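Notes to accompany the following structure.
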Amino acid sequence: PGCRGAQGRFAYKLLHDLFTNYSSALRPVEDTDRALNVTLQVTLSQIIDMDERNQVLTSYLWVRQAWLDAHLTWDKDDYGGIDSIRIPSSYVWRPDIILYNNADEHFGGSMETNVVLRSDGHIMWDSPAITKSSCKVDVSYFPFDGQRCRLTFGSWTYNGNQIDLRNRLDTGDLTDFVENVEWEVLGMPATRNVITYGCCSEPYPDVTYTLLLRRRASFYIFNLLLPCIMVSFLAPLGFYLPADSGEKVSLGVTVLLALTVFQLLVAESMPPSESVPLIGKYYIATMTMITASTALTIFIMNVHHCGPGARPVPPWARRLILHHMARLCCVYEVGESCKSPQQALGGQGSRGDAGGPWESPGEGEAGSEAGVCPWDHCLCHHDALLRNVSYIAGCFRRHRANQRRTGEWKKVAKVMDRFFMWIFFLMVFLMSVLVLGNAA
């Protein structure tokens with residue numbers, strides 16, 4: 001106890017002797033023409049937040065500054081062997097090292113912690129600081145992007161002839177870094193720069209730490225990208241819906257609204273810049289595709305609902321759509337197959353209006369009996385009866401022709417539906433592969 005009490009008395013005496021004629025306002029050098037060497041070391045403890053919209057990085061740092069104070073030296077043998085003391089930092093002169101790209105509205109500095117003062121005059125000041133720094137955010141490949149945020153430290157009033165600022169290590173210290181759930185830190189290299197500003201002719205040294213970040217994309221893949229891909233694959237199925245269901249256009253509009261909601265979610269978190277994120281481009285391309293598919297669906301429904309008064313299917317459309325495209329898309333009617341589709345429409349046309357499935361049994365029999373009808377057992381010789389029978393037969397022929405023409409247009413619409421369905425499925429697949437390829 002006596003020894004500890006002596007140490008305490010020596011510490012009080014040392015503190016009184018050191019600061020009796022000491023001023024913390026002046027740069028502590030013996031020769032004012034020489035620069036004071038200040039070393040800087042930054043330890044990244046935690047990334048608190050990355051605000052992409054406002055382009056501000058909030059981080060928790062430990063800043064260590066070391067320099068030599070020529071006026072605060074003592075012989076440790078004269079003070080009981082005391083080699084170092086810890087005193088409030090406000091007692092000594094401190095370099096005005098600040099963060100140049102500070103984005104905090106209050107412009108807060110480091111915490112007022114103690115400094116470690118050694119007998120040879122070396123001072124080490126460790127202080128924690130929560131900094132908000134401006135960071136140029138490039139979201140072109142969001143959510144598979146990486147960012148380079150710079151932390152530039154330098155003296156605000158002292159030039160390079162008065163303070164020679166140097167970095168202690170070539171990189172920032174990441175040994176005590178707390179892992180961030182959104183960002184992965186790839187490195188933090190440090191560089192020393194000497195810049196001459198337009199206001200002054202003297203050089204101003206600074207130390208710049210470049211924080212290399214890569215976004216962890218799992219959250220955005222499962223919450224933004226995969227739902228968009230699944231919704232996009234629903235859009236071509238609108239071509240598969242029967243035209244009589246009345247839901248073809250409704251499905252396209254619903255999918256378009258769902259993608260609009262996802263697009264708004266992405267736009268709210270991104271900075272309003274000319275650089276469109278990758279996922280935003282995918283949303284826009286998908287929405288454009290769905291808009292085109294909805295417009296094509298409306299056109300195909302008009303083809304499907306062609307009434308009896310429509311014109312016959314043109315020969316080129318019959319050859320291209322009803323023959324080649326129907327076989328390619330495997331569209332066939334009941335009784336047909338993909339490998340050997342029945343030339344139903346051509347076969348029906350070859351039969352002409354002489355008969356077919358729409359003839360009533362009695363009409364054929366009446367025609368066959370008309371040729372052998374005995375004169376005394378039938379009334380076929382009456383002109384009025386012949387005109388009536390001819391009129392009824394003409395109505396049947398027109399009815400069969402209208403139904404045949406309507407059926408042809410319905411099959412044209414069905415073939416076009418299947419063809420565009422596979423085309424749009426291929427487009428969605430290619431766009432998804434393109435997005436993931438650009439991300440890689």
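The values are calculated or read from the model by the stated rules, or taken from the named source; none is laboratory data. Nothing here was measured: the structure is a model prediction, and the numbers come from that model. No Cβ is skipped: glycine too gets one built from the backbone with ideal geometry, and neighbour counts run over all protein chains shown. For accessibility, only protein heavy atoms count, side chains too; no ligands or nucleic acids. Shrake-Rupley method; radii C 1.70, N 1.55, O 1.52, S 1.80 Å.
Taking K and R as +1 and D and E as -1, what net charge do the other residues with C-beta under 14 Å from the C-beta of residue 152 add up to? For residues surrounding residue 152, the net value is +4. Note that the range 8-215 presents 53 Å² accessible area per residue, ligands and nucleic acids not counted, probe 1.4 Å.
A crude spin-label estimate for the pair residue 30 and residue 319, with each label 7 Å from Cα along the Cβ direction, gives 10.6 nm.
Listed peptides 192-199, 72-79, 284-291 appear in the order 284-291, 72-79, 192-199 once ranked by packing, highest mean of other Cβ atoms within 10 Å at the front.
Computed packing ranks the peptides 54-61, 429-436 as 54-61, 429-436, most packed first, by mean other Cβ atoms within 10 Å.
Place a label point 7 angstrom from the Cα of residue 124 along the Cα-to-Cβ direction, then list the residues of the range 156-170 whose backbone nitrogen is under 14 Å away. The answer is 168-169, whose backbone nitrogens lie closer than 14 Å to the label point. The fraction of accessible area contributed by carbon and sulfur in the range 8-215 is 48 percent, rounded to a whole number (1.4 Å probe; ligands and nucleic acids excluded). Across the range 8-215, the relative contact order, built from alpha-carbon pairs under 8 Å that are at least six residues apart, equals 24 percent.
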